[in-house]
Every structure is written in C-alpha cells, then in structure tokens.
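J.: Sharing a structure, written as structure tokens. Questions coming.
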Amino acid sequence: MRIALYRTVVLLLFVGLLPMSSWGFFNLGQDYRTANRDSAGIAPDPAETPEAVVQVYSARAFNWRGIFSMHTWIATKLENAPHYMVHQVVGWRLRRNLPALSSAPDIPDRNWFGHQPAILADLRGPEATVAIDKIAEATQSYPYAERYSLWPGPNSNTFTAYVARRVPELRVALPANAVGKDFLANGNIVERAPSGTGFQVSLYGLLGFLIARDEGLEVNLFGLNFGIDPLGPALKLPFIGRFGFNRNARRLKRNEAE
C-alpha cells in the first residue's frame, strides 16, 4: 500500500513536470559550456547610468536542478562606477578549491545557463548607495562562504536571503521555489522574513513557516514551500513558484514611473 502511494506521487510529479519542461520552465540536458550566458539586456548600462544601482535577480537553476529551484544573486554598481559587482554563491567553485561565495566584477543580468533572469528588487541613487555598504558588510559576515548544499542549504538562495534580512532597503520577497532561502544562519530557528515585513520559523530549512506582508503565508515541508499571498492574490507551490498576480512586478513598475 505504501509503495503504491509513493509510486503514485512520483507519477503525478512526473506528469505535472513534463508540460513545465515543454513550456520552457527549465531545460534538461543542456551543456554548461554552450548554454546561453549572455546579458539579458535588462540591467542599466553603467556608461549611461551614473547613479548607484542595486538589483536582485532570480532564474531557474541549471539543468535538472531547475525542476526544483531557482538560483538568485545580487548585483551592485557604485555611483559613477564603470561596472557591476555580482555577489552570489556557486557550488561548483568548491570543486576548484575556491570559496562558494563570490563577489567579483561581472555582467549583472546574465542568462543563467539558458534561463532568462527576472528582477526581484531594484534600487537607485542614494538608497542604493546605502544598501551597497550594508550588502558588503553582510557578504563579509556570511557564515557559509566555504559550504554548499543543494538541499536544504546552505546554497545560493541561503546567501541572498541572509543578505536581504540584513539590508532592509532591499525589501525583496524571494520566490517560493528558491530552495534554501529558509535555511537560517548559525542554527537560528526564528528570523526576520527576507522582505523585512514579517518573521519566519525554520528548523534547518526543513520544516517551518513564514508570515509577512510582502511574502504572505508560506509553509515549508522538507524544503518545499506551499503558501498563499492574499494581497496578490497568488498561490505559492513547489516547482512552479508563484501562481497568480505578481505584486513584485507591479512594485517595480511603480518605482520606474517615479
């Protein structure tokens, strides 16, 4: 009986994920050497943008990992700087005896191995300048620079969430399917939500819940998030992420208008 139930669950997941693959949610079987890593053309050109800029990005993770999760990163540009700095955690760096955490000049809006990124937060001017200093401090204090685990963390989303909790100017609501965002640093069980508009309880990223104005309600079961955003409105589901209205996109449009 139990074996039959497990098989049914696996079959339902497989059937549900096939259309997601065909719709381009993720690309299986890609070669990282040929996958698209060009700019998506959505970051401001430093040559035409003297003001400071901070942007938080997300994109489907590479290859089969994209079935389950997103990859997130932070890009910063100081006032009058000629380039961006990209802050992110990448697991393969450990295989080259490098820290998983990287802060280096780079293209801020690279396609993540064939997946186009989306902007989660966008700060400009003096507010961005203040945030950049705090991002630098949070990056220096991140306790897992030499560690990486796909599940339940610490991983790239653990890092982005860690920084977001310490930089309230970002006010970023990470995707529900950003596995690892609920892995709290230093064994903490209670923390601020990444958006800074609520709180969360999490046991090593495996079990917990989050309640916040910007994220809504999320329940974490073994690293998979289920929830609802009543102000969206939207459902939050494993693999899919947000299903419904995108409050973050509307907020970014308002910022651009201002």
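The values are calculated or read from the model by the stated rules, or taken from the named source; none is laboratory data. Remember, it's a predicted structure, so these values are computed and weren't measured experimentally. When we count neighbours, we look across all protein chains shown, and the Cβ atoms used for this are built from the backbone with ideal geometry, even at glycine.
J.: Say we look at the stretch 219-248 and pick out the residues that are farther than 13 Å from Lys181 by Cβ, among the hydrophobic types (A, V, I, L, M, F, W, C) and in a strand (DSSP E or B); which of these is modelled with the lowest pLDDT?
T.: Restricting to residues being farther than 13 Å from Lys181 by Cβ, among the hydrophobic types (A, V, I, L, M, F, W, C) and in a strand (DSSP E or B), the top hit is Phe243.
J.: Using the structure shown, decide if Thr158 is of a type in the set (Val, Ile, Thr), closer than 17 Å to Phe222 by Cα and modelled with pLDDT of 95 or more.
T.: yes
J.: Restricting the search to the stretch 80-137, which residues are of a type in the set (D, E, K, R) and closer than 25 Å to Glu51 by Cβ?
T.: Asp106, Asp109, Arg110, Asp122, Arg124, Glu127, Asp133, Lys134, Glu137
J.: Tell me yes or no: at least one residue of the stretch 91-106 is in contact with a Phe, Trp or Tyr (Cβ under 7 Å, 6 or more places away or on another chain), over 14 Å from Asn155 (Cβ atoms), at pLDDT 95 or above and crowded, with 18+ Cβ neighbours inside 10 Å.
T.: Scanning the stretch 91-106, I find no residue that is in contact with a Phe, Trp or Tyr (Cβ under 7 Å, 6 or more places away or on another chain), over 14 Å from Asn155 (Cβ atoms), at pLDDT 95 or above and crowded, with 18+ Cβ neighbours inside 10 Å, so the answer is no.
J.: Right, something else. Please give the helices (runs of 4 or more DSSP H) falling wholly within the stretch 62-167 in which 3 or more residues are within 23 Å of Arg242 (Cβ to Cβ) and not β-branched (Val, Ile, Thr).
T.: The helices (runs of 4 or more DSSP H) meeting that bar are 65-68, 156-166.
J.: Another one. Of the residues Phe183, Phe209, Phe199, which is closer than 26 Å to Leu235 by Cα, among the aromatic types (Phe, Trp, Tyr) and either surrounded by 18 or more Cβ atoms within 10 Å (Cβ to Cβ) or under 15 Å from the mean Cα position of the chain (by Cα) (or both)?
T.: Phe183
J.: Now a separate question. Report, ordered by the first and then the second residue, all pairs with beta carbons closer than 7 Å, sequence separation of six or more or different chains, a first member in the stretch 31-53 that is β-branched (Val, Ile, Thr), and a second member that is surrounded by 14 or more Cβ atoms within 10 Å (Cβ to Cβ) and not in a strand (DSSP E or B).
T.: Ile42/Asp109; Val53/Pro44; Val53/Ala128
J.: Now for a different question. Report, ordered by the first and then the second residue, all pairs with beta carbons closer than 8 Å, sequence separation of six or more or different chains, a first member in the stretch 221-235 that is touching a residue at least 60 places away in the same chain (Cβ under 8 Å) and under 25 Å from Tyr204 (Cβ atoms), and a second member that is among the aromatic types (Phe, Trp, Tyr) and surrounded by fewer than 17 Cβ atoms within 10 Å (Cβ to Cβ).
T.: Gly223/Trp151
J.: Follow-up. May I ask you to list the residues in the stretch 151-171 that are closer than 16 Å to Ala59 by Cβ and surrounded by fewer than 24 Cβ atoms within 10 Å (Cβ to Cβ)?
T.: Once the filter is applied, which keeps residues that are closer than 16 Å to Ala59 by Cβ and surrounded by fewer than 24 Cβ atoms within 10 Å (Cβ to Cβ), the stretch 151-171 yields nothing.
For (1) of a type in the set (A, V, I, L, M); (2) under 18 Å from Leu224 (Cα atoms); (3) modelled with pLDDT of 95 or more, each residue gets a yes or a no:
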position: Glu169; (1), (2), (3): no, no, yes
position: Ile189; (1), (2), (3): yes, yes, yes
position: Ser195; (1), (2), (3): no, no, yes
position: Gln200; (1), (2), (3): no, yes, yes
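J.: Given the conditions (1) touching a helix residue (DSSP H, G or I) at 6+ places or on another chain (Cβ under 8 Å); (2) at pLDDT below 95, which single one is not true for Ala257?
T.: Ala257 satisfies every listed condition except (1).
J.: Any idea which of Trp92, Trp151, Trp112 is in contact with a strand residue (DSSP E or B) (Cβ under 6 Å, 6 or more places away or on another chain) and aromatic (Phe, Trp, Tyr)?
T.: On inspection, the qualifying residue turns out to be Trp112.
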